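Chemist: Following this message is one structure expressed as structure tokens.
The values are calculated or read from the model by the stated rules, or taken from the named source; none is laboratory data. Please read all numbers here as calculations on a predicted model, not as lab measurements. All Cβ positions, glycine included, derive from the backbone under ideal geometry; neighbour counts span all protein chains shown. All accessible areas refer to the heavy atoms of the entire protein, side chains included, with ligands and DNA or RNA removed. Shrake-Rupley method; radii C 1.70, N 1.55, O 1.52, S 1.80 Å.
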Amino acid sequence: MGHASSLSAPVLEQFLIQARLTKAVGSLRLQGVNSRLLGDLHIHGFRPGSVLELSGLHPRDSVPPEGTAVALTILLGDEVLTLESLLLPPVLDEAGNTLLRLDWPHESAHLHHRRNLRVAAPDQSPLKVKVAHGGRQYEALLVNLTETGVGLALEEPLMVDLHDAVEIDAELPDGTLLHCPGEVLHLIYLEGQPHPTRLGLILQPRPDTDLEAIHRFIQARRTDRSQSFRKS
């Protein structure tokens, strides 16, 4: 995962066009007292400078009220788009399905790059991780990892916002205990998956954190995968 970059209006429009054509998955984090996450959304259409429409609202999800502040996250390949906006009144599409409508973002949208090594390949067992946030601890699976960031999958919803601080704990295969703070880079909910909550973190190690253990673990996984590819 790299640092975020602000998008110019033409680049944002191009990203949204690609996201719509490829049916890229998005999620909405509702801000405020009744903060919740709406997942498995897709770009339906947009009018630059005016409105952005999202389809895929689940029938069991109630439509948030007009004016609700939201944070939109869209995954497109190795890139993660994040932007903040306000909800406009919803409309129905031709089939009678509800379309969520966002005011065109007046603040910069940001693009993050995910250059992650996927360590939970079919022939590799995922690593179990504990995530601490807001006085609670959650069980998670490590699904990708680099020297600077991790991707986690959780069974239960996680009420976090972008840039929130969390703590992760894991025991690496060599017995090394990893304890490291992280910052939330993205959060998305994938409907119908065994571990639907997907959390992306930037690692923020303390001066005394043993990063060598992470480097050894990553190198071992890379070696395992290279050998697997050669055999196949």
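Chemist: Quick one: which residues, 5 or more positions from Gly45 or on another chain, have an amide H under 5 Å from its amide H? H modelled 1.01 Å from N in the peptide plane, none for Pro or chain starts.
Modeler: Glu53
Chemist: Provide the solvent-accessible area of Thr209, counting protein heavy atoms only and rolling a 1.4 Å probe, rounded to the nearest 10 Å².
Modeler: Around 30 Å² of this residue is reachable by solvent.
Chemist: Something else now. List the residues, sorted by chain then number, that are 5 or more residues from Val129 or on another chain and whose placed amide H is less than 5 Å from its amide H.
Modeler: Under 5 Å from the amide H of Val129: Ala140, Leu141, Leu142.
Chemist: Calculate the FRET efficiency for Glu212 and Lys23 from the Cβ-Cβ distance with a Förster distance of 35 Å, rounded to the nearest 0.05. It would help to have the intermediate numbers written out before the result.
Modeler: Details: r = 41 Å, r/R0 = 1.17.
Taking R0 as 35 Å, the efficiency between Glu212 and Lys23 is 0.30.
Chemist: Which cross-chain or sequence-distant (5 or more) residues have an amide H under 5 Å from the amide H of Trp104, H modelled 1.01 Å from N in plane?
Modeler: Counting only residues 5 or more places away or on other chains, the set is Ser50, Val51, Leu52.
Chemist: So, one more: Kindly rank 87-97, 65-75, 14-24 from highest to lowest mean number of other beta carbons found within 10 Å of each residue.
Modeler: In decreasing order of mean packing, 87-97, 65-75, 14-24 become 65-75, 14-24, 87-97.
Chemist: Next question. May I ask you to rank Ser85, Ser50 by accessible area, largest first, using a 1.4 Å probe over the protein chains only?
Modeler: On the way: Ser85 15, Ser50 50 Å².
Of Ser85, Ser50, the descending order of accessible area is Ser50, Ser85.
Chemist: In what sequence, largest accessible area first, do Arg101, Arg206 appear using a 1.4 Å probe? Can you show the working numbers first?
Modeler: On the way: Arg101 45, Arg206 100 Å².
Greatest to least solvent exposure: Arg206, Arg101.
Chemist: Right, next: Could you calculate the FRET efficiency of Asn97 with Asp161 from 1/(1 + (r/R0)^6), where r is the beta carbon distance between them and R0 is 22 Å, rounded to 0.05? Working shown, then result.
Modeler: Details: r = 28 Å, r/R0 = 1.28.
Result of the calculation: an efficiency of 0.20.
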